[in-house]
Amino acid sequence: MPAPGLEDAGRRTSAGRLKMLLILLVCAAPVIASYLSYFVIRPEGRTNYSTLIDPQRPLPEGLPLADLQGRAVAAKSLLGQWLLVVVSGGTCDAACEKQLWLQRQLREALGRDKDRIDKLWLIVDDQPVRAETLQAMNAGDPVTVLRVPREALAQWLQPQAGGALERHFYIVDPLGNWMMRAPAEADAPKLRRDLEKLMRGSAGWDNAGRP
């Protein structure tokens, strides 16, 4: 049989290990809880302003994208960074120009995280884009401008019931999942807070600047 001293030492060692494990769990609990609440549990009481898309909708691999010169662009080329998406026709009326201006301001407001987000403008018709609009949107960090048939895009992105594709911002994660839609006539400060939370919660998912 073990000597009494050895038994006491074994109990003390076990108790010490248990205490250390409990301390580690207590320290880690807030981090684990915040991660689960933001990414897994998704309670109704969450404070996000934009609508979460559940289940998320992956970018169709065969989405027929083309640049303004008519050259085909592979959908997978958009992966790797967050996308802040604006949808409109090529003529880009006043509401469209406001969306594009706000898209730029929202990205700039993210400071050091801004390079983790691409500004994407999807044009859903064959109308030419005014040179003045392109010049304005390419001042500073340029916008990625692509054409896509409305019918094809509507198989992926969808507006609020009864609304139009052009009235919303759409947020796509670095894996290509459409995961959030801002309300029509979005409130800029509230949408910025959504983007800031996404940046904080997704560090390490993506790279700053597209390769």
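Observations, loosely collected:
- Cα shape, region 113-211, gyration tensor, a/c 1.5 rule: oblate
- Think of region 58-211 as a dipole: +1 on every Lys or Arg Cβ, -1 on every Asp or Glu Cβ, centred on the Cα centre; then among Leu84, Val148, Gly70, Leu84 lies furthest on the positive end.
- Student exercise, region 99-147 dipole from Lys, Arg, Asp, Glu Cβ charges, in Debye to nearest 20: 140
- Rounded, prolate or oblate (a/c below 1.5 giving rounded, otherwise prolate when a/b exceeds b/c) for region 48-137 by Cα gyration tensor: oblate
- Accessible-area composition of region 64-152, carbon plus sulfur, in percent [1.4 Å probe]: 53
- Ile53 sits with roughly 20 Å² accessible to a 1.4 Å probe, with DNA, RNA and ligands left out of the calculation.
- Formal net charge of residues neighbouring Leu65 (Cβ-Cβ distance under 12 Å; K, R +1; D, E -1): +1
The values are calculated or read from the model by the stated rules, or taken from the named source; none is laboratory data. A quick note: this is a predicted structure, and the numbers were derived from the prediction, not measured. All Cβ positions, even for glycine, are placed from backbone atoms using ideal geometry, and neighbour counts span all protein chains on display. Note: areas computed on protein heavy atoms with side chains; ligands, DNA, RNA excluded. Shrake-Rupley method; radii C 1.70, N 1.55, O 1.52, S 1.80 Å.
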